[in-house]
Amino acid sequence: MRLAISYSVNPAPANSEKKPPATGLRRFLYVVAGLTCVGIAYLGMILPGLPTTPWVLLASYCFSRSSPRLAWWLKRSPIFGRLLRDWDEHRGIRRPVKVFSVCLVVTVVGLSIAFGGLPVWVKCVIGGLALIGICTVVFVVPTIKSAPPP
């Protein structure tokens with residue numbers, strides 16, 4: 001007996017061509033890469049300094065190229081689902097997520113610079129990279145308005 005599972009994935013925007021999922025070895029490599037990215041994203045939630053969002057977006061890309069079922073699973077994830085849905089629908093990040101991420105980066109980098117026994121040039125590099133990341137999140141990534149609570 002065969003069980004049929006039906007699900008829907010948000011359609012691609014009208015102006016983009018949707019490529020069919022890869023097959024064979026390429027599909028296998030995309031699935032492995034996607035699962036690896038999800039694992040790194042989960043680690044990023046725990047470890048300060050390791051970003052989560054880029055890994056989730058990369059995993060979503062890999063799954064969209066290889067397995068609609070895994071793409072569907074990731075988009076419905078209680079942890080990463082809202083972030084992906086916001087990105088797919090609005091191409092942006094909600095203001096509370098931006099505020100939290102900037103505060104976290106400032107705290108972690110500030111503590112690393114203040115209490116790390118690092119050479120001054122390394123502290124400057126860390127601070128400069130953090131500043132680039134913060135400016136990217138604040139000024140480049142679009143902010144979407146949060147929906148009012150129901």
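Extending 7 Å from the Cα toward the beta-carbon at both residue 115 and residue 42 defines two label points whose distance is 2.8 nm. Simple point charges give the picture: +1 on the Cβ of Lys and Arg, -1 on the Cβ of Asp and Glu, and for the range 53-94 a dipole about the Cα centre of about 80 debye. Each peptide among 109-117, 81-89 gets the average number of other Cβ atoms lying within 10 Å of its residues, and from highest to lowest they stand as 81-89, 109-117.
All of the numbers you see were taken from the coordinates with simple rules; none came from a lab. Quick caveat, the model's predicted, so the values are computed rather than measured. Every residue, glycine as well, gets a Cβ built from its backbone with ideal geometry; the counts of neighbours run over all protein chains shown.
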